[in-house]
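Only one structure is covered here, and it is reproduced in the block below.
Read-outs throughout are calculated quantities, based only on the coordinates presented, and are distinct from any laboratory measurement. The model shown is predicted, which means the values in this text are computed figures rather than measured ones. Note: ideal-geometry Cβ built from the backbone for every residue, glycine included; neighbour counts use all protein chains shown.
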Amino acid sequence: MSADQLTQHLASGSCHLFDAGCGFPAPGLNEFQFNPIFTVAGVGFNKPMLLSMVAALLVIVFFWVAFAKPKVLPGKLQLVGEIGYDFVKRSIVLDTIGKKGEKYVPMIVSMFFFVWIMNIMSVIPFAQFPVTAVIAYPAGLAGLVWITYMTLTFKKHGFVGGLKNLCWPSGIPGWVMFILVPIEFFSNIFVRPFTLAVRAFANMFAGHLLIVMFSIASWYLLSPSIGALYASTSFAVTLGLTAFELLVQFLQAYIFVMLASSYIAGALEEAH
Amino acid sequence: MLLTHIAAASEDFNPLIPKTPELIIGLICFFVVFGLLGKKLLPSIEKVLAERRDQIEGGMERAEAAQAEAQALLEQYRAELSEARHEAARITEHSREQGAALIVEMREEGQRQREAIVAAGHAQIEADKKQATAALRQDVGSLASQLASRIVGESLEDSARQSGVIDRFLDDLEAKAAVAQGASK
């Protein structure tokens, strides 16, 4: 059963607690599988794809309206845009990388707002799905970060210097290097991009699953009995979780670009 | 029935394996965002931010200059004011001195005039006295002569005058009077 089918199933509202033969329709992986809205050349175009485009569009439209005709005395929207831009620029990029980070500001700013809006799709009515809960989206961006990280490392330090930068920590006694160098090598080159993608994905995945679980439960538990109490509790939890998810959505976007910045900073670091 | 559907769906679905079409769409979306923001929107806002910073700094510089000018003007006014006060004090002092000098001068002038008047009075009196004395002497001489001629019976008038007897007598009288006057004083 796909997410759409489940929604249909729930919308029919046939199944409640205490009804004979009615188990709890627990959400699972099916929540993250979507039937294609339409298919082009054998490739299905599904809801997360649509939402990622909507997210990109929202970011573009917002910054277009805010920044396309900027004024020295900013309007309200420009001011909001400036605050957001300044936040990412100063407290993430320049704080992490320093003055050399100026070049990477546009990339990190775009990444932050794109990821954040994709995450926020989770609580927007009718969208109600965090795009980043599909691994392909954070994985693509993490891949980009990884390519940037590697390119900068080897461009700055050369091949040997780059390798040294990646796996030769300074100020460590020689014999520890036997253990540390492979770990550093593995960690920096393979684990980093993987964790970067999985962290964002798993947080959004779990958050979405929780919200869906309690939403379904609210409906399932609703019946003219003690179930009404269970249902209202479940509903209250849903609301609380939604508020919590709003925070997590922001935090995950923040952490994603923060780590990306720190990788870039590591690549640009002087050889030691 | 529900459970079998989920199980069936889960078998060929690994949430950790990215699907190529989604990967591509996600990257395209990001690059569109990145392209527009990086090439157009962020540079344009950066320009405005720099402009604003310049204006604020320029405004502050202008304000500082104006303040410095005001400060200088204030100093100048203060200096002028103190100078004016000094000048006024000087003028007051000067006029006071001048007034005092004038009073002294007037007083001296008055004194002098008084002395002149007194001296003139004295001279006048002296002259009058001399004239009166001379007249008196003449009268006394002639009276004495007449008296003597009456007593003696002959005119002594001319010979007495010629001999200066009368004058000598009168001088003696005067000397005695002067001595008496000096003693009474």
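Distance between the C-alpha centres of the range B:65-79 and the range A:168-197: 66 Å, rounded to the whole angstrom.
Across the range A:171-265, counting alpha-carbon atoms alone, Rg and Dmax equal 21.3, 72 Å. Compactness check for the range B:57-108: Cα Rg over 2.2 N^0.38 Å is 2.24.
For the protein assembly as shown, the residue among B:L147, A:A253, A:L210 whose Cα projects farthest onto the positive side of the dipole built from Cβ charges is A:L210.
Extents of chain B, taken as max minus min of Cα coordinates on every principal axis and listed largest first, are 204, 35, 20 Å. Modelled spin-label separation between B:H94 and B:A123, with each label point placed 7 Å from Cα along the Cα-to-Cβ direction: 4.1 nm. Using +1 at the C-beta of Lys and Arg and -1 at the C-beta of Asp and Glu, which of A:V40, A:F24, A:T151 has the Cα lying farthest in the positive direction of the dipole of the range A:3-268? Farthest along the dipole direction, towards plus: A:T151.
Regarding the protein assembly as shown, what is the average projected area of its C-alpha convex hull, in nm²?
Quarter of the Cα hull surface area: 64.0 nm².
Length available on full extension from B:I17 to B:E105: 0.36 nm per residue minus the Cα-Cα distance, which gives 19.4 nm.
When only alpha carbons are used to place a centre, the range B:105-148 and the range B:19-53 end up 131 Å from one another.
In the protein assembly as shown, a dipole from Cβ-located charges (positive for Lys and Arg, negative for Asp and Glu) runs towards its positive end, and of B:I17, B:T133, B:L36 it is B:I17 whose Cα lies farthest in that direction.
For the range A:3-268, lysine pairs with C-alpha atoms less than 15 angstrom apart, excluding pairs fewer than eight positions apart on the same chain, total 8.
For the range B:1-116, the dipole from Cβ point charges (+1 on Lys and Arg, -1 on Asp and Glu) about the Cα centre works out to 400 debye, to the nearest 20.
The coefficient of translational diffusion for the range A:44-168, derived via Stokes-Einstein from the alpha carbon Kirkwood radius under 4 °C and 1.567 mPa s, stands at 78 µm²/s.
Percent of Cα pairs in chain A per distance bin of 10 Å, from zero to the largest separation: 6, 23, 27, 21, 15, 7, 2, 0.
Considering helices alone, the calculated mean residue ellipticity of chain B at 222 nm is -32500 deg cm²/dmol, with DSSP H runs of length four and up weighted by -39500 (n - 2.57) and normalised per residue. Between the range A:142-166 and the range A:247-263, what is the separation of their alpha carbon centroids in Å? About 21 Å separates the Cα centre of the range A:142-166 from the one of the range A:247-263. Taking chain A as a Gaussian network, where each spring joins two C-alpha atoms under 10 Å apart, which residue of A:G84, A:G42, A:G143 fluctuates the most? Result: A:G42 has the largest fluctuation of those listed.
Left without a cysteine partner by the 4.7 Å Cβ rule in chain A: A:C167. The charge dipole of the protein assembly as shown, taken about its Cα centre with unit charges on the Cβ of Lys, Arg, Asp and Glu (plus for the first two, minus for the last two), comes to roughly 1880 debye.
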